[in-house]
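Below you'll find the structure, written out as structure tokens, and then a few comments.
Please treat every number below as a calculation from the coordinates, not as lab data. This structure is a prediction, so every number in the text was calculated from the model and none was measured. Methodologically, a virtual Cβ is constructed for each residue, glycine included, from the backbone with ideal geometry; neighbour enumeration extends over all protein chains shown.
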Amino acid sequence: MGWLTGGMMSFLVKSKTGDSVKCEVVDGGELKSRRHLNVRGKSATLPSITEKDWDDIKFGVDNQVDFYAVSFVKDAAVVHELKNYLQSCGADIHVIVKIESADSIPNLHSIITASDGAMVARGDLGAELPIEEVPLLQEEIIRMCRSMGKAVIVATNMLESMIVHPTPTRAEVSDIAIAVREGADAVMLSGETAHGKFPLKAVKVMHTVSLRTEATLVGGETPPNLGQALKNHMSEMFAFHATMMSNTLGTSIVVFTKTGFMGILLSHYRPSGTIFAFTNEKRIQQRLALYQGVCPIYMQFSDDAEETFSNALTLLQVRLHCPNCFSNSLRETRDDEGRRGGSSCSEREKTHLAFPVHSQHPGQKSLGGKTLNVGALVLVPVASLIRLA
């Protein structure tokens, strides 16, 4: 038995001659060009990255794309091959693996470990495997990604009916909510926006349902299997306890990051407040937009730590339309010789300090549809000569 269009059409092979096959249609429909063919129990012999793909990858490197999504990944070797190529080009581009092949399931752990994130591509996955396995695999892939600190995207058929109808089915709305509750960083549209009649409405529905579901979630959950990491790595310990402090105080988190590392790490602890991640790298701002709960903000960093903190909080005041929020709680930092400290250290190598910044007028504000208490926990990388006065 073979399937086309993600399993929407099926056929039986009756005979084959040379490079052609004769089939009997079992479940028919409209067959469009460039549709993928799935045959359960048979592995495709095509490479995950074709010669044309390499040309596209080179184009992406030249134009500084943010992510590559690799289709039909069977094992970690193709991920390592692509990452080695990107490293040789000096390209800082993250690799997302699309889990859509039955061959990838036995190698899930190694594939996700090698990547920067995974996409649950349910269309082809449901054509290659019994459809009742797909929701179980979705939950498992999300759990695995969260335990490894990787981004995870859920895609395909999320609002399929909105390709031709202006409103979704109630089951589709529940599907989005389930993906959010399971811990997905992102939910994705494809046909709904590529060739659907109501692309803008589809985006609005997905946005509204996601925000409403997120508002009911309890923050600060420890990702599964992260206990050992907490014992071994200072950054993980700090992010975890910063999340607990933020949830206890009812505040958001402000983090300063040049590589995005700390913003991503905080995201995987799912604090209840927004993570305001300030960065002086445009590429990092783009990258952080993928991660759940992170509001990335681009800002030039100063060599003066106090000036950097002050500028960041001023930007938040403007965004929240609250001039008295986050005011006057930062004190100058100096070393033993009276010199002002800088804020140029790398968060992978240095310690962090956290301290609450309170508002003169406590209350709640909304940013991006998310309600947050005014005030914030500030999380900053601190070099050995920088400390709080």
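Just how far, in whole angstrom, is the stretch 199-214 from the stretch 274-314 if you go by their alpha carbon centroids?
So the two Cα centres are separated by 26 Å.
Tell me, Ile176, Ile105, Ile131, Ile275 in order of fewest to most beta-carbon neighbours within 10 Å? Show your work: numbers first, answer last.
Details: Ile176 23, Ile105 17, Ile131 11, Ile275 30.
Ascending Cβ contact count within 10 Å gives the list Ile131, Ile105, Ile176, Ile275.
Can you put Arg212, Arg34 in order, fewest other beta carbons within 10 Å first? Walk me through the numbers on the way to the answer.
Working: Arg212 14, Arg34 4.
Ranked by crowding around the Cβ, least crowded first: Arg34, Arg212.
Assuming 0.36 nm per residue, please report the length gained on full extension of the stretch Lys204 to Ser20 beyond their Cα-Cα distance.
On the way: separation 184, 0.36 × 184 = 66.24 nm, distance 4.46 nm.
Taking Lys204 through Ser20 to full extension adds about 61.8 nm, to one decimal.
Set the Förster radius R0 to 30 Å, insert the Cβ-Cβ distance between Arg35 and Lys197 as r into 1/(1 + (r/R0)^6), and round the FRET efficiency to 0.05. If you can, show how the numbers build up before the last one.
Details: r = 20 Å, r/R0 = 0.67.
Rounded to the nearest 0.05, the efficiency is 0.90.
For the stretch 19-71 and the stretch 75-124, what is the separation of their Cα centres, given in Å?
So the separation of the two Cα centres works out to 16 Å.
When the chain is fully extended, how far beyond the present Cα-Cα distance does Thr314 get from Ala289, taking 0.36 nm per residue of separation?
Values: separation 25, 0.36 × 25 = 9.00 nm, distance 2.11 nm.
Fully extending the segment from Thr314 to Ala289 adds 6.9 nm.
How far apart, in nm, are the 7 Å Cα→Cβ label points at Ile297 and Glu140?
Taking the simple label geometry, Ile297 and Glu140 are separated by 4.2 nm.
Classify the stretch 83-158 from the C-alpha gyration tensor, please: rounded if a/c falls under 1.5, else prolate or oblate depending on whether a/b exceeds b/c. Please list the in-between numbers first.
Details: a/c = 2.14, a/b = 1.90, b/c = 1.12.
Judged from the Cα gyration tensor, the stretch 83-158 comes out prolate (a/c at least 1.5, a/b above b/c).
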